[in-house]
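K.L.:
Structure incoming, see below.
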Amino acid sequence: MKKALIIVDVQNDFCEGGSLAVPDSKEIIPYINLLMEENEYDQIVLTQDWHPADHKSFASNNRKNVGETIILNGIPQFMWPDHCVQGSFGADFHPDLNTQKVTHTIQKGKNSLIDSYSGFQDNNHFMKTGLDDFLKYHEIQLLEIVGLALDYCVKFTALDAVANGYVTCVHFNGTRAVNVKPDNGKDAIYDMIKKGVTILG
Ligand code: VGL
Ligand code: ZN
């Protein structure tokens, strides 16, 4: 069975010192680098949150405070600090992440009007990113998922992976949660298990 490693949003803004820093996020980087050294993946894919400066998920673009929720295209949208603006340092991959064996990159969140937590599609399910086509073209059947953040982009990527028919695993040691509320990371794990994701590690 061909397998791929999906590394979700290991970008400066989600790491310590970044504008949307996920607690203890840097601890996952050596773990992810080791996975790439010790395993033979058929594909290694990076996802990259890649927002225009006027992106509607930013509180600053809606005259809201960070942490509020608005309705955007009929669905709830959490208000984030400005992050991962296209071409900025914060949008770059963390320099400690070893990208030597990476075979493909998927950028998401490029449409100002729609957020995209999943690496497969936007939150409104209007547009696919091309990740599924890429993986199917390369006959990938198993996905191992790591990265940031467990309770947002990792979770929604893993749930879409199951929905798209992949055997889907998330490495517990290769991810960290934002935990806007303290149990968000734990609840994300329960949700993923319930829907068919295997938690490794
Ligand atoms: C993410 C919030 C906003 C993530 C991206 O990568 O989990 N979270 N944009
Ligand atoms: Zn984002």
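K.L.:
Restricting things to alpha carbons, tell me how big segment 79-147 is in terms of Rg and Dmax, in Å.
P.N.:
In Å, with Rg to one decimal and Dmax whole: 13.7, 38.
K.L.:
Here's a follow-up. In the full protein assembly as shown, how much of K2 is accessible to a 1.4 Å probe, in Å² to the nearest 10?
P.N.:
80 Å²
K.L.:
Another question, if that's okay. With +1 assigned to the C-beta of every Lys and Arg and -1 to the C-beta of every Asp and Glu, and no other charges, what is the dipole magnitude of segment 58-124 about the Cα centre in debye, to the nearest 20? If you can, show how the numbers build up before the last one.
P.N.:
Values: 5 positive and 6 negative charges, 23 e Å.
The dipole of segment 58-124 has a size of about 120 debye.
K.L.:
Give the average over all directions of the projected area of the C-alpha convex hull of the chain, one decimal, in nm². Before the final figure, lay out each step's value.
P.N.:
Details: hull surface 41.3 nm².
Answer in nm², one decimal: 10.3.
K.L.:
Out of all DSSP beta bridges with both ends in the chain, state the antiparallel percent to the nearest 5. Each step should come with its number before you reach the end.
P.N.:
Details: 6 of 34 bridges.
Percentage antiparallel, nearest 5: 20.
K.L.:
Please list, ordered by chain and number, the residues whose modelled amide H lies under 5 Å from the amide H of Q11; skip anything fewer than 5 residues away on the same chain.
P.N.:
Those qualifying (amide H under 5 Å, at least 5 residues apart or on another chain) are H94.
K.L.:
Follow-up question, since we're still on this one. Mind checking which of K181, K136, K64 has the largest fluctuation in a GNM of the chain, springs on alpha carbons under 10 Å?
P.N.:
Result: K181 has the largest fluctuation of those listed.
K.L.:
By how many nm would the segment from V180 to F134 grow when fully extended, if each residue of separation counts as 0.36 nm and the alpha-carbon distance is taken off? Before the final figure, lay out the partial values.
P.N.:
Numbers: separation 46, 0.36 × 46 = 16.56 nm, distance 3.26 nm.
In short, 13.3 nm is gained.
K.L.:
Can you order the peptides 17-25, 142-150 by their average number of other Cβ atoms within 10 Å per residue, highest first? If you can, show how the numbers build up before the last one.
P.N.:
Working: 17-25: 17.6, 142-150: 25.9.
Top to bottom by mean Cβ count within 10 Å: 142-150, 17-25.
K.L.:
Give me the extension gain from E27 to N65: residue separation times 0.36 nm, minus the current Cα-Cα distance, reported in nm with one decimal.
P.N.:
Working: separation 38, 0.36 × 38 = 13.68 nm, distance 2.93 nm.
Stretched out fully, the E27 to N65 stretch lengthens by 10.7 nm.
K.L.:
For the modelled label position 7 Å from the Cα of E38 along Cα-to-Cβ, which residues of segment 112-154 have backbone nitrogen atoms closer than 18 Å?
P.N.:
In segment 112-154, the label zone of E38 (backbone N under 18 Å from the point 7 Å along Cα→Cβ) covers 144-147.
K.L.:
Still on this structure, please answer the following. Between V167 and D54, how many nm apart are label points set 7 Å from Cα along the C-beta direction?
P.N.:
So the label points at V167 and D54 sit 4.7 nm apart.
K.L.:
What do you get for the angle between helix 28-38 and the principal long axis of the chain? Use alpha-carbon atoms, 0 to 90 degrees, nearest ten.
P.N.:
20 degrees
K.L.:
Using a 7 Å offset from Cα along Cα-Cβ at T198, what residues in segment 1-36 end up with backbone N under 14 Å from the label point?
P.N.:
The answer is 1-4.
K.L.:
Right, next: Residue separation times 0.36 nm, minus the C-alpha to C-alpha distance between Q86 and Q141: what's the value? Don't jump to the answer; show the numbers that get you there.
P.N.:
Numbers: separation 55, 0.36 × 55 = 19.80 nm, distance 3.12 nm.
Using 0.36 nm per residue and subtracting the Cα-Cα distance, I get 16.7 nm.
K.L.:
Is the C-alpha gyration tensor of segment 1-88 telling us rounded, prolate or oblate? Criteria: a/c under 1.5 is rounded; beyond that, a/b larger than b/c is prolate, otherwise oblate. The partial results should precede the final answer.
P.N.:
On the way: a/c = 2.73, a/b = 1.99, b/c = 1.37.
Verdict is prolate for segment 1-88.
The values are calculated or read from the model by the stated rules, or taken from the named source; none is laboratory data. Quick caveat, the model's predicted, so the values are computed rather than measured. Note that we place each Cβ from the backbone using ideal geometry, even for glycine, and neighbour counts take in every protein chain shown. Surface accessibility is based on the protein's heavy atoms, side chains included, excluding ligands, DNA and RNA. Shrake-Rupley method; radii C 1.70, N 1.55, O 1.52, S 1.80 Å.
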